[in-house]
Structure formats: structure tokens, C-alpha cells
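Working notes, beginning with the structure itself.
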Amino acid sequence: MKILRAKDYDDMSRKAANIISAQVILKPNCVLGLATGSTPIGTYHQLAKWCDKGDCDFSQVSTYNLDEYRGLSHDDPQSYHYFMRENFFDHINIDQANTHVPDGANPDAEAACSEYDRIVAAAGYPDLQLLGIGNNGHIGFNEPDDHFSKGTHCVDLTESTIKANSRLFEREEDVPRQAYTMGVQTIMYARMILVVANGAAKAQAVHDMCFGPVTPSCPASILQLHTNCVVVADEEALALCPAE
């Protein structure tokens, strides 16, 4: 696991965008695994700027997002389909047909999850998987548990995750209580993993991810076992980590 220190959020976003753009330049038809939440927004905006300047071409890229709230339609402003269009897809030259997000509108959890596993496997899994990390160490919506998950599945969100995500909703009670998420095993199939983290609230989770025991009580800790994982985090998020 390689740790890149960033001065602040903007520096973190640029460093992460550099890594993703290098992947796209190296392999124009690459498969990107993408994440939502507030942390990667700066990275997406930087990539969009470079795309607008002609420095990064997404025309052959295909993408697969980690997760989606269960019960939200694709055009719901709180859905991750909508989030990705608003913050990234509508601002780059990607073929929208090549963008994929779990189908939260499908009430049949087993069918929705198995279909998403099928298309991710058919794509050969991501060349690069972008991740954020939750305050409790979750990746995607894989919450702390007594085992590591495998394929895409339906999860009950923890109260801490619901509270953290409530900032994006009018009221906390509006936050969906379930989501479809790629499993930890699927995430680990990516050939490269890029984790972004910022802020003091993530410091304990980042420490446990990088230096704690590998345990499903901190799902992100399994990334220590990945052969090509890069963490880009600002000084506040790395406050509890030893300086190298």
C-alpha cells in the first residue's frame, strides 16, 4: 500500500485525477470503477477540466459504479445515477451507454445484484477502482461486519452512515435505509485501487485501513492485501498515521 500525502483537499483531488488520467492515457478503452460521496467530487471536476481542454479523452472508457441506494429511480436527484451525471458524466466526452450504476429502482434485490455482478465480470473488472472511505471504515456500502462480503448484495446501512449521508438530503429520515453495493471481493479484483480521503473525521478510519489489523470490522483494512493500492489523503486524514 502506497500513501501519497496531499496538502489539502484540492491537492488531493489533483493528485488523484493525475493517477486516473494516466490510466486513461495509457489504456484509452480502460474500465474505471467509480465512487460517489463528497470526497471524489474535486477529482471528477479536475478530470472534466482536463477533458474540456483536450488533455484527457473518455470516449472509449467504460465505468462501473460501486453502489446505489435501493428504492431510488435513476432520475431521483438523490440517486447515484443522478450524482454521477451531475458531477462527472455530463461534463466529459464519455458514451453514456458505457456508464453503469447498480439498478436501485429494481425492487428485486437478488436480480439486481446478480445482474450487476454479471456485467462487471463481463467487462473484466476495473483496471482502476476509485474508492472513498467511510468514517467507520466502509468501502462502497460494505459496512463493518463479521466477514468480508463477496459479490454485489443488498445492505442495511448503519446509523453512522445514514447520519453521514444525511447532509445530502433535506432530512435524515429521507436517507434510504438500504443500498446495493459491490462486494469486497469484487472490489479486490480491480487491477489497481485508488483511495481518496480528506478531513480529520476520516483520520481513524485511514489509520485503521493502512496500519490496523485486517478485519471485516474495518472493511477497508483488506486493501492492505491488494498488490497495487494507492491512498491519496490530506494532512488531516493522515494525522494518526506515522510519517514516512
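Points to keep in mind about this one:
- Area accessible to solvent at MET1, 1.4 Å probe radius, in Å²: 80
- Of the GluC sites (Glu not before Pro) in segment 121-220, those whose Cβ has at most 14 other Cβ within 10 Å and which sit in DSSP loop: GLU170
- For segment 114-244, a/c is not less than 1.5, where a ≥ b ≥ c are the root eigenvalues of the C-alpha gyration tensor, and a/b does not top b/c. That puts it in the oblate class.
- Cα point-scatterer Debye curve for segment 1-123, base-10 log of I(q)/I(0) at q = 0.11, 0.17 Å⁻¹: -0.40, -0.91
- Antiparallel bridge percentage (DSSP; both residues within the chain; nearest 5): 30
- Partners of LYS7 within straight-line reach, counting lysines whose Cα lies under 30 Å from its Cα and excluding those fewer than 8 residues away in the same chain: LYS15, LYS27, LYS49, LYS53, LYS163, LYS202.
- Pairwise centroid distance, computed over Cα atoms, of segment 62-131 with segment 197-244, Å: 26
- Accessible surface of the chain, 1.4 Å probe, proportion on carbon and sulfur as whole %: 50
- Between ASN87, ASN198, ASN65, the GNM of the chain built on Cα springs shorter than 10 angstrom shows ASN87 fluctuating the most.
- Size descriptors for segment 2-234: radius of gyration and Dmax over Cα atoms are 16.3, 47 Å.
- Å² per residue, accessible surface of the chain at 1.4 Å: 43
The values are calculated or read from the model by the stated rules, or taken from the named source; none is laboratory data. Quick caveat, the model's predicted, so the values are computed rather than measured. Here Cβ is always computed from backbone atoms with ideal geometry, including for glycine, and neighbour counts include all displayed protein chains. Surface areas here come from the heavy atoms of the whole protein model, side chains and all, with no ligands, DNA or RNA. Shrake-Rupley method; radii C 1.70, N 1.55, O 1.52, S 1.80 Å.
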